[in-house]
Amino acid sequence: MKVIVDNKIPYIKDIIEQLADEVIYLPGQDIVAETVKDADALIIRTRTRCDRALLEGSRVKFIGTATIGFDHIDTMYCKKAGIAWTNCPGCNAGAVEQYLHSVLLLLQREKNVSLKNACIGIVGVGHVGERVKRLCESLGMHVMLNDPPRSDCGEKGFNDLQKLAENCEIITFHVPLTRDGLYKTYHLGDRGFFSRLQKRPYIINTSRGEVLDTQAILSALDGNQISGAVIDVWENEPNISLELLHKVFIGTPHIAGYSVEGKMNATRMVIEAYCRFFKKNVGFEMPSLGKSCVGTNENEEILQLQLYDPRNDYDALLANPAAFERLRENYSFRREK
């Protein structure tokens, strides 16, 4: 049993080496056809594109991505080739909730957004969107939800995107990236979307960069169609738009989900899927977490920003945008609590 593992996946080494005969660790971009041809399994992140070019002629039977998103896996090709694949839905929902919480507090503190009087639109109400919904309700915000797949299944409580465009002071995106089909999300935030906005909202994107059209959001910022933007995910990563980077309220290097707890969840989920597929003993233990080094504070806002302040990540990215990938790969995972 030979397994190739992305060398930036934490907490995996001791466990996977008990479950496989040979384990090769590589940077995601170095997992190429030549290296996978005699591998039985791949455990990857978003930087490895799993398609015909990578997999054809290999003996790979299983792909596990330690991420929520799976748009880097050609699922149709895998189905035809008989290759099983799995992702980790909801693994970092708590981390993204934490990111949103800090962002909302900073909008209130620095941009005078009254959260208790604000209407927020959540586009995509899956594992992450549900956590963000509960957070926003706890902050006293009015919440509007948009999720066409759930709405089309007969679930109640959802609005079309036009309603969000008319009523929301903040709109946050939590959708998977789909490039075609009935529920296409590629460039969901296009010029048409921004032209329909009524309240000059703040736009937040922690889903996938291609969900927003970069030129469209730049035009929306220049034309005062929106009050500002918080961008964690970018088109053409790691070669991001420097113009957009300098115009956003906060911009971070695709790390909204990068907490200790979120990364540990992803590793556990992908190992469990690997064990189920290869019928291995799943009796492994993840490392125990110690207490957070952040103390207590009666002021909840101060405590939240002590736990995580995204302005620090923005400052690091502004100082060296060319280091986008390095900042992401060498990120010091934060604690959620």
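Would you confirm, using the coordinates I've provided, whether Lys133 is under 23 Å from Gly251 (Cα atoms) and either among the polar types (S, T, N, Q) or surrounded by fewer than 23 Cβ atoms within 10 Å (Cβ to Cβ) (or both)? The answer is yes for Lys133. Of all the residues in region 203-219, those that are among the small types (Gly, Ala, Ser) and buried (at least 23 other Cβ atoms within 10 Å of the Cβ) number 1.
Applying a threshold of 7 Å to beta carbon distances and a minimum spacing of six or more residues, or different chains, the list of pairs starting in region 185-210 at a residue that is assigned by TED's automatic domain parsing to the domain that holds Asp222 and ending at one that is of a type in the set (Lys, Arg) reads Tyr186/Arg179. If Arg200 passes every condition in (1) farther than 23 Å from Cys91 by Cβ; (2) basic (Lys, Arg); (3) buried (at least 19 other Cβ atoms within 10 Å of the Cβ) but one, which one does it miss? Arg200 satisfies every listed condition except (3). When region 243-280 is filtered for residues that are touching a residue at least 40 places away in the same chain (Cβ under 8 Å), out of contact with any strand residue (DSSP E or B) (no Cβ under 8 Å at 6 or more places or on another chain), assigned to a loop (DSSP other than H, G, I, E, B) and more than 18 Å from Lys8 (Cβ to Cβ), only Lys280 remains. The single condition among (1) over 22 Å from Arg334 (Cβ atoms); (2) surrounded by fewer than 16 Cβ atoms within 10 Å (Cβ to Cβ) that Gly121 does not meet is (2). Tyr274 passes every criterion in (1) at pLDDT 90 or above; (2) at negative phi; (3) surrounded by fewer than 19 Cβ atoms within 10 Å (Cβ to Cβ) apart from (3).
Considering every residue within region 68-76, establish whether at least one is exposed (fewer than 15 other Cβ atoms within 10 Å of the Cβ) and over 26 Å from the mean Cα position of the chain (by Cα). For region 68-76, residues exposed (fewer than 15 other Cβ atoms within 10 Å of the Cβ) and over 26 Å from the mean Cα position of the chain (by Cα): absent. Can you tell me which residue within region 31-63, out of those that are touching a Ser or Thr at 6+ places or on another chain (Cβ under 7 Å) and assigned to a loop (DSSP other than H, G, I, E, B), is surrounded by the fewest Cβ atoms within 10 Å (Cβ to Cβ)? Filtering first and then ranking leaves Lys37. If only residues of region 298-330 that are farther than 24 Å from Glu243 by Cα and in contact (Cβ under 8 Å) with a residue 12 or more places away in the chain are counted, the one that is surrounded by the most Cβ atoms within 10 Å (Cβ to Cβ) is Tyr308.
The values are calculated or read from the model by the stated rules, or taken from the named source; none is laboratory data. Predicted model only: the values in this text are computed from it and were never measured. When we count neighbours, we look across all protein chains shown, and the Cβ atoms used for this are built from the backbone with ideal geometry, even at glycine.
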